[in-house]
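Asks: The structure that follows is given in the form of structure tokens.
The values are calculated or read from the model by the stated rules, or taken from the named source; none is laboratory data. Being a predicted model, the structure only gives us computed values, none of them experimental. Note that each Cβ is placed from the backbone with ideal geometry, even for glycine, and that neighbours are counted across all protein chains shown.
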Amino acid sequence: MSAMTPPESSAPAKPRAVEANFDGLVGPTHNYAGLAQGNVASAKNAEAPSNPREAALQGLRKMRALAAMGLAQGVLPPQERPHIPTLKRLGFSGRDADVLKQVHRDAPGLLAAMSSASSMWTANAATVSPGADTADGRVHFTPANLATHLHRSIEPVVTGRALAAIFRDEKCFAHHAALPATPQMGDEGAANHTRFCAEHGEPGLELFVYGAAGEKDPKPALHPARQNRAAGEAVARLHRLDPDYVHHAQQKPDAIDAGVFHNDVIAVGNGHVLLHHAQAFVDTKAVRDWIKRRLRGRDPVFIEIDDRELSVADAVGSYLFNSQLLTMPDGTMTLVCAHECQDNERVWNAIRRIVDDRENPIAEARVFDLRQSMRNGGGPACLRLRVVLDPAQRAAVNPKVWIDDALASRLEAWVNQHYRDRLVLADLADPQLLDESRSALDQLTQILGLGSLYDFQR
Ligand code: SUG
């Protein structure tokens, strides 16, 4: 051994890959329009007044807290709403104020759809596969086409631009176009995609959950199945995943009818842990057997909650399974839940049971007030996109989007300066709201170093 070689004990620990969470910043037009079919909270709160300022601040408090817990926390920008270019594509014309006046008069439903702040739910922004799983070692991104809902189907173009502006380096990141937006190819992104692994940087398994596939498969009777099997299959191909480590599982149609419009409303996985309700999958045994067979380097831990402990209605009302399950720097896991979990005694008892059980690594639950988003059916896990990054990839991310106390404070001040604290549907026709939103977003692209992201800037 040469004198230059340090003894093994003093060798620096190998820098590790981390899972970063990129939360969607709530946009200035956050409102309750009842647009989402099969989403119980969206229907229940339709036409209630919203508070965009509080919504954005609630989201920022969660981001700030997770960064303070030692986690890699990023932010994704909201989109430009109302979206005048789409309204023009739909035949409205004239100056922006004229367009708003006409659409408000002739097609108020279209105005609401073009004004939704739904891009805040970044679990639906894209599907992301870490470099440890892809054939070329790059992190792959496919924006979701969100084909089943008009208000969401207009997100992927700007989502793709935002992801490309943040994950710029082609040596580290591969960006795909959204899949064709057809009824056979509905793709809702990471909300129906779960990765299992021994450590975040190790090769993992990717589980794609779908609501609809072939003619012969059972279908929900009341609500749309928003994710198609063919979409998951296409994403797995695009991301160059090893088919041996990919599994496609069907969601229970009855659960979709009971308000489980995405898999992340009834199951959450992280590392070697899967926490799920008994009603999540058509074939739970097949999912578990596949994970047991394929997971490398660790035995999986399954935490199942059955109907006796919690009904699907309790799961949908509390969003327990939409908690974020996060690996802490010390290796234990923390469940980041919505306040609604604490409000329901049965749910809170289930969480206490999970945290007290030494057989699983979940050691703590943290509760956040995200009520503004929850009233539209968006919980903690809906608000974030997970991106596993090795040290070189992490260093290649646009540095201005990482949340620390300074950026959180800067964004809070920005929200307080630009956002209204009350919005009803009639306000969406106010040209002043459009101007306010554009000047806010113009400033935001500078704060986050995103260049000319929005149509109004191009
Ligand atoms: O697509 N709500 C969203 C909520 C998305 C939640 N995401 C995940 N589970 N990952 C949706 O249903 C409601 C908008 C309104 O009604 O105004 C809405 O789009």
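Asks: Take the residues in region 12-39 that are more than 10 Å from the ligand (Cβ to nearest atom), of a type in the set (A, V, I, L, M, F, W, C) and outside any strand (DSSP E or B), then tell me which one is farthest from A198 (Cα to Cα).
Replies: Filtering region 12-39 for residues that are more than 10 Å from the ligand (Cβ to nearest atom), of a type in the set (A, V, I, L, M, F, W, C) and outside any strand (DSSP E or B), the one farthest from A198 (Cα to Cα) comes out as V26.
Asks: Given the conditions (1) under 17 Å from Q251 (Cβ atoms); (2) touching a strand residue (DSSP E or B) at 6+ places or on another chain (Cβ under 6 Å), report the number of the one that A125 does not fulfil.
Replies: Of (1) under 17 Å from Q251 (Cβ atoms); (2) touching a strand residue (DSSP E or B) at 6+ places or on another chain (Cβ under 6 Å), only one is false for A125: (1).
Asks: Also, quick follow-up: Taking A123 and the conditions (1) more than 16 Å from the ligand (Cβ to nearest atom); (2) within 30 Å of A225 (Cβ to Cβ); (3) in contact with a Lys or Arg (Cβ under 8 Å, 6 or more places away or on another chain), which numbered condition does it fall short on, given that it satisfies the others?
Replies: (1)
Asks: Select, from A408, A381, A315, A363, the only residue that is aliphatic (A, V, I, L, M) and over 20 Å from the mean Cα position of the chain (by Cα).
Replies: A363
Asks: Would you please name the residue that is farthest from the ligand (Cβ to nearest atom), looking only at residues in region 244-281 that are within 24 Å of G379 (Cβ to Cβ) and surrounded by fewer than 18 Cβ atoms within 10 Å (Cβ to Cβ)?
Replies: Checked region 244-281; the qualifying residue farthest from the ligand (Cβ to nearest atom) is A278.
Asks: Which condition number does T134 fail, the rest of (1) within 13 Å of the ligand (Cβ to nearest atom); (2) under 18 Å from G189 (Cα atoms) being met?
Replies: Of (1) within 13 Å of the ligand (Cβ to nearest atom); (2) under 18 Å from G189 (Cα atoms), only one is false for T134: (1).
Asks: Can you give me the ranges of the strands (runs of 3 or more DSSP E) entirely in region 141-210 with at least 2 residues that are at pLDDT 95 or above, surrounded by 24 or more Cβ atoms within 10 Å (Cβ to Cβ) and within 16 Å of the ligand (Cβ to nearest atom)?
Replies: Once the strands (runs of 3 or more DSSP E) in region 141-210 are filtered for at least 2 residues that are at pLDDT 95 or above, surrounded by 24 or more Cβ atoms within 10 Å (Cβ to Cβ) and within 16 Å of the ligand (Cβ to nearest atom), what remains is 193-196, 205-210.
Asks: Going through D289, D242, D343, D254 one at a time, which residue ends up being of a type in the set (D, E) and closer than 30 Å to R61 by Cβ?
Replies: On inspection, the qualifying residue turns out to be D343.
Yes/no matrix, rows are residues, columns are (1) surrounded by 18 or more Cβ atoms within 10 Å (Cβ to Cβ); (2) in a loop (DSSP other than H, G, I, E, B); (3) out of contact with any helix residue (DSSP H, G or I) (no Cβ under 8 Å at 6 or more places or on another chain):
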site	(1), (2), (3)
E340	yes, no, no
V347	yes, no, no
A350	yes, no, no
E359	no, yes, yes
A381	yes, yes, no
L385	yes, no, no
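Asks: Within region 393-403, is there a residue that is more than 30 Å from P300 (Cβ to Cβ), within 16 Å of the ligand (Cβ to nearest atom), buried (at least 17 other Cβ atoms within 10 Å of the Cβ) and modelled with pLDDT of 95 or more?
Replies: Within region 393-403, not a single residue is more than 30 Å from P300 (Cβ to Cβ), within 16 Å of the ligand (Cβ to nearest atom), buried (at least 17 other Cβ atoms within 10 Å of the Cβ) and modelled with pLDDT of 95 or more.
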